[in-house]
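Single-structure report; data block below.
Taken together, the values in this text are just the output of simple stated rules run on the coordinates, not laboratory data. Because the structure is a prediction, the values reported are computed rather than measured. All Cβ positions, glycine included, derive from the backbone under ideal geometry; neighbour counts span all protein chains shown.
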Amino acid sequence: MASHPALASAHAYAPVQRARWAALADQAAEANAFYTPEMLCAALDHLASGTTVRMLEAQRDGELIGLMPVVVAARHGRLPLRCVANWMHDHCFFGAPLIRRGEEVAAWRSLLGQLDEAPWAPGFLHLRGLDAAGANAAALEALCVEQRRGRQEVHRYDRAMLRSELDADAYWESHVRAKKRKELRRLQKRLAELGRVESRLLADGADLALWCGEFLALEASGWKGGEGSALACKADDAAFFRAACTAAFESGRLHFLRMDLDGRAIAMLVNFRHGEGAFSFKIAFDEALGRFSPGVLIEIANLHAVLGSSDIGWMDSCAAADHPMIDSLWAERRTITQYRIALRGAKRSMAFALANGVEALGQRLKGQI
């Protein structure tokens with residue numbers, strides 16, 4: 001059950017390893033589009049330069065039951081403590097490892113055991129971006145109790161998600177305030193006065209490259225381009241985006257929506273599917289048409305597309321906490337948490353205790369202010 005050596009590129013594992021990861025993803029207890037081979041391999045190929053990413057694999061009887069990419073972090077928050085962390089690059093918004101359904105505790109037993117034995121693994125395991133109510137959190141809690149292994153929740157927050165048995169119209173009427181519905185209908189009408197407005201999902205692979213290029217250009221035309229955070233601002237980010245979209249489309253996991261005005265894209269939204277769920281990845285819109293709120297209007301179109309789909313049971317917004325736009329449209333919430341998990345060894349135990357102690361002291365001092 002030893003971990004694999006550091007990866008400089010996902011190509012080192014193609015195609016056999018990707019097939020193993022894909023088989024695991026199809027049977028995962030907890031969906032995570034960011035760790036499916038489509039997105040993970042694209043990230044390893046284009047975003048891991050200068051970063052040592054190790055792929056930990058849990059196996060039982062030669063069968064893959066767990067997969068978690070990890071890195072060694074030089075710091076833990078503000079503390080100069082080295083630790084192991086699940087790899088979450090700048091464009092990864094959920095960190096749950098891929099664990100085979102029914103093998104949750106066994107997989108975590110293997111993954112933590114590997115880290116206990118690994119000479120390269122310092123401090124503790126810092127797990128980020130987990131669902132507090134998900135299969136990974138439950139298995140970790142059970143295993144840590146069984147092994148008397150330290151486990152400390154570091155932080156949690158709620159973010160918007162969409163999960164409902166209602167159809168889009170009923171959801172819209174019951175979850176969005178009447179005043180807001182009226183204002184958005186007014187904006188839709190005003191926009192339609194400028195020309196033909198059409199929303200559509202990507203269906204033809206021949207259009208994929210064009211849509212990706214249009215998205216990159218649209219995002220870069222706004223404030224993200226101005227501050228240098230748009231995907232097109234960095235060649236590696238743009239290459240990752242194109243590669244992830246291409247691989248996801250080929251496997252049926254890309255959900256790419258656009259809103260056009262007279263055939264020109266004024267808003268685009270990229271989602272990635274996994275299992276019965278989906279993850280909202282990036283949105284771009286024409287800020288010159290900001291008075292019509294095209295970003296909100298495409299989210300309304302997305303709400304109809306998701307609730308009208310038999311293939312998508314829920315969608316994670318991947319948004320920040322208290323996001324004013326998506327929180328006003330989606331009523332459900334997902335609690336995202338992060339943990340420190342103790343690893344075996346005297347020095348590691350000291351690092352775990354120190355991090356917990358500093359955090360507790362900070363909370364006490366904050367309470368006295």
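Find which of Phe124, Ala19, His155 sits farthest along the positive direction of the dipole of the stretch 1-158, computed with +1 on the beta-carbon of Lys and Arg, -1 on that of Asp and Glu, about the Cα centre.
Result: Phe124.
Listing Leu216, Leu125 from the residue with the fewest other Cβ atoms within 10 Å to the one with the most, what is the order?
Leu216, Leu125
Given the pairs Lys182/Lys234; Lys189/Lys282; Lys179/Lys234; Lys180/Lys282; Lys282/Lys347, which are separated by over 31 angstrom at their Cα positions?
Values: Lys182/Lys234 40 Å; Lys189/Lys282 26 Å; Lys179/Lys234 41 Å; Lys180/Lys282 24 Å; Lys282/Lys347 41 Å.
Too far apart for the 31 Å limit: Lys182/Lys234; Lys179/Lys234; Lys282/Lys347.
With charges only on Cβ, +1 for K and R and -1 for D and E, what is the dipole size of the chain about its Cα centre, in debye, rounded to 20? Working shown, then result.
Details: 45 positive and 44 negative charges, 273 e Å.
About 1320 debye.
Test of understanding: ordering Tyr35, Tyr171, Tyr339 by Cβ neighbours within 10 Å, fewest first, what list do you get? Can you show the working numbers first?
Working: Tyr35 28, Tyr171 20, Tyr339 23.
Least crowded to most crowded, the residues run Tyr171, Tyr339, Tyr35.
I need to check one value: relative contact order of the stretch 165-330, counting alpha carbon pairs closer than 8 Å and at least 6 residues apart, in percent. List each step's numbers first, then the result.
Values: 208 pairs, mean separation 40.9, N = 166.
This gives 25 percent for the stretch 165-330.
Please compute the alpha carbon radius of gyration of the chain, then divide it by the globular-protein estimate 2.2 N^0.38 Å. Two decimals is fine. Display every interim value, and only then the final one.
Details: Rg = 21.7 Å, N = 369, 2.2 N^0.38 = 20.8 Å.
Normalised by 2.2 N^0.38 Å, the Cα Rg of the chain equals 1.05.
Counting only C-alpha contacts under 8 Å and six or more residues apart, can you give the relative contact order of the chain as a whole percent? Mind showing how you got there, number by number?
Details: 648 pairs, mean separation 81.2, N = 369.
Relative contact order for the chain comes out at 22 percent.
Going by how many other beta carbons lie within 10 Å of each one, how would you line up Arg128, Arg100, Arg148, fewest first?
On the way: Arg128 18, Arg100 22, Arg148 7.
Neighbour counts put them in this order, fewest first: Arg148, Arg128, Arg100.
So for the stretch 165-330, taking the charge dipole from beta-carbon charges (+1 Lys/Arg, -1 Asp/Glu), which of Gly195, Ala284, Ile300 sits furthest toward the positive end?
Towards the positive end, the residue furthest out is Gly195.
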